[in-house]
Amino acid sequence: MTTEKVDVLVIGAGPSGTVAASIINKAGYSVKIVEKLKFPRFVIGESLLPRCMDALTEAGFIDAISEKGFQQKSGAKFVKQGKICDFTFAEQYTPGWQWTWQVTRADFDHTLAQTVEKMGVPVEYETTVTGIVFNGSDSVTTVEDIHGNKKQIEARFIVDGSGYGRVIPKLFNLEKESVLQPRKALFAHTNDVRRSMADEPNRITAVVHDKGVWIWIIPFSTGITSVGFVGDHTFHDKFSGTQEEMFRAMLASEPYTAERFKDVELIFEPRKLEAWSATTDKFYGEGFVLTGNVTEFLDPIFSSGVTLATVSAQTAAKLVIRKLQGENIDWEKEYMEPTMQGVNVFRSYVMAWYEGTLDTIFFSKNPDPVVKAQICSVLAGYVWDQSNPYVELHATELKRLARKIELTEKLGSLS
């Protein structure tokens, strides 16, 4: 069995892995990426948030992404029974990027991987990690390609950005159940010929179909629109037939989508994804750090996946560089705590969405513009801004605000 040596081995060529690899490579260290799948490959998470633009910029990816002509995104719209709540990132509370992109992830992820290869980082596709042995922070990783050829890669450090593959958590029994309720999505790409250009395509639309059930509508610059229905099994069990028949029945059951997507051409057979929420006991160990979805993936609502992936990779990469330079790193304080800060804020909003708390806030009759701007910052991904009360007090402030709105509107109806 052949053996290679690198400073850092990165597992996974998605946004998390490529951001980490680029930043570490720029610091002058040798980096190799191993990726289980062949790119381009399909994955959900098609609507980005402005906060991830900082990480993509530091990684040196912005120009390459811009050249692809992806749809620019400047906000998020929420719809319920004819009522609309529209957020524009230019009006957010936290200073920062005011736009981002909506992307076909196969093309987006492939662009990042090709760009990091041009920077001098080799990417080995269709290569599976079969084992890792640590000796302090040094490691020997055994990999196998699709032809059955095995080799070993010696590294001074490992960044695991394997996403849903969750390589190190599975190998070392670090996985644990998420506190979020299991949910299921049925989705497809559509040839969206009836798209309205008045308020689209420069934003994602989330339609409240029923309590705990919602629809994503993500327009791309090509005229194709991604549409997905998310809910628990009780909702999905109401529909029968093939996945296409169920998907079309779901479209017909929602007034907001019934006419627009009637007899719409599907680019591919509708696909399902379920039980996606997962987490781990800790995001680091001697010789490795976990980044992106491999740490914790929450839910498609609020599009937090790529932001948490790229920002965690950006943070981890800088710490790995300092580690390789001989510093002692307090991984708990400098990585675990800030990463969990972002995860916990988004989790509070995910739970508030499914509980209906955000319905009360989003569709209130007289929204406070200051509060709306502060919540807009969270929806833009600025979940580390402790000056924002809806970040700092995320666990309690949403429910307090909803109760205040309910009381105010009740008193108003009595007067």
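The values are calculated or read from the model by the stated rules, or taken from the named source; none is laboratory data. Model, not experiment: these values are computed from the prediction. All Cβ positions, even for glycine, are placed from backbone atoms using ideal geometry, and neighbour counts span all protein chains on display. Keep in mind that these areas ignore ligands, DNA and RNA; they rest on the heavy atoms of the full protein, side chains included. Shrake-Rupley method; radii C 1.70, N 1.55, O 1.52, S 1.80 Å.
Where only protein heavy atoms count, and the probe is 1.4 Å, what is the accessible area per residue for the range 150-308 in Å²?
For the range 150-308, the per-residue accessible area is 41 Å².
Efficiency by 1/(1 + (r/R0)^6): what FRET value for Ser253 and Val370, r their Cβ-Cβ distance, R0 = 35 Å, to the nearest 0.05?
With a Förster radius of 35 Å, E is 0.40.
At a 1.4 Å probe radius, carbon and sulfur cover how many percent of the accessible area of the chain?
49
Considering only Lys399, Lys272, Lys333, give the residue with the highest GNM mean-square fluctuation for the chain, with springs between Cα atoms whenever their separation is below 10 Å.
Taking springs between Cα atoms under 10 Å, the residue moving most is Lys333.
Give me the one-decimal Kirkwood hydrodynamic radius in Å for the range 27-118, with the sum taken over alpha-carbon pairs.
15.2
Mind telling me which of Thr57, Thr357, Thr104 comes out most flexible in a GNM of the chain, alpha-carbon contacts under 10 Å?
Thr57
Would you tally the net charge around Ile62, using a Cβ to Cβ cut-off of less than 12 Å, leaving Ile62 out, and scoring K and R as +1, D and E as -1?
With Lys, Arg at +1 and Asp, Glu at -1, the net is -3.
Please report the relative contact order for the range 212-254, taking Cα pairs under 8 Å with a sequence separation of at least 6, and give it as a percent rounded to a whole number.
That works out to 29 percent.
Using a basic spin-label model with each label point 7 Å from the Cα along Cα→Cβ, how many nm lie between Ala90 and Asp107?
Output for this residue pair reads 2.5 nm.
Place a label point 7 angstrom from the Cα of Ser221 along the Cα-to-Cβ direction, then list the residues of the range 29-72 whose backbone nitrogen is under 17 Å away.
46-50, 53, 57, 61-72
For labels at Arg400 and Lys282 in the simple 7 Å Cα→Cβ model, what's the distance in nm?
Between Arg400 and Lys282, the simple spin-label model gives 3.4 nm.
Cα centroids of the range 322-376 and the range 48-110: how far apart, whole angstrom?
First find each Cα centre; the distance between them is then 17 Å.
Using a Förster distance of 25 angstrom, determine the FRET efficiency expected from the C-beta separation of Thr242 and Arg194, and round it to 0.05.
0.60
Considering the alpha-carbon set of the chain alone, what are its Rg and its Dmax in angstrom?
Looking at the chain, its Cα Rg and Dmax stand at 21.8, 81 Å.
What pairs from Lys83/Lys211; Lys73/Lys318; Lys83/Lys272; Lys32/Lys68; Lys150/Lys282; Lys176/Lys323 go past 20 Å between their alpha carbons?
Checking Cα-Cα distances, Lys73/Lys318; Lys83/Lys272; Lys32/Lys68; Lys150/Lys282; Lys176/Lys323 exceed 20 Å.
Which is farthest toward the positive dipole end of the range 157-224 among Ile217, Val193, Asn173, measuring Cα position about the Cα centre, with Cβ charges +1 (Lys, Arg) and -1 (Asp, Glu)?
Asn173
What share of all Cα pairs of the range 178-298, in percent, falls into each consecutive 5 Å distance bin?
In whole percents, the pair-distance histogram is 2, 10, 19, 20, 16, 12, 9, 6, 4, 2, 1, 0.
Could you check which residue among Lys238, Lys77, Lys318 shows the biggest mean-square fluctuation in a GNM of the chain with a 10 Å Cα cutoff?
For the chain, modelled as a Gaussian network with Cα springs under 10 Å, the answer is Lys238.
Could you tally the net charge around Lys372, taking each other residue with its Cβ under 12 Å from the Cβ of Lys372, Lys/Arg +1 and Asp/Glu -1?
Around Lys372, the charge tally is -3.
Taking +1 at the Cβ of each Lys and Arg and -1 at the Cβ of each Asp and Glu, which of Phe39, Gln71, Tyr93 sits farthest along the dipole of the range 12-94 towards its positive end, judged by Cα position relative to the Cα centre?
Checking the options against the dipole of the range 12-94, the answer is Phe39.
Place a +1 charge on the Cβ of each Lys and Arg in the chain and a -1 charge on the Cβ of each Asp and Glu, then give the dipole magnitude about the Cα centre in debye, rounded to the nearest 20.
Dipole of the chain, to the nearest 20 debye: 500 debye.
Per DSSP H run of n ≥ 4, the term is -39500 (n - 2.57); total these for the chain, divide by its residue number, and report the mean residue ellipticity at 222 nm rounded to 500 deg cm²/dmol.
The helix-only estimate for the chain comes to -10500 deg cm²/dmol at 222 nm.
So how strong a dipole does the range 57-200 carry about its Cα centre when Lys and Arg Cβ are +1 and Asp and Glu Cβ are -1, to the nearest 20 debye?
660
Suppose every K and R has +1 on its Cβ and every D and E has -1 on its Cβ; what is the size of the dipole of the range 14-104 about the Cα centre, in Debye to the nearest 20?
About 380 debye.
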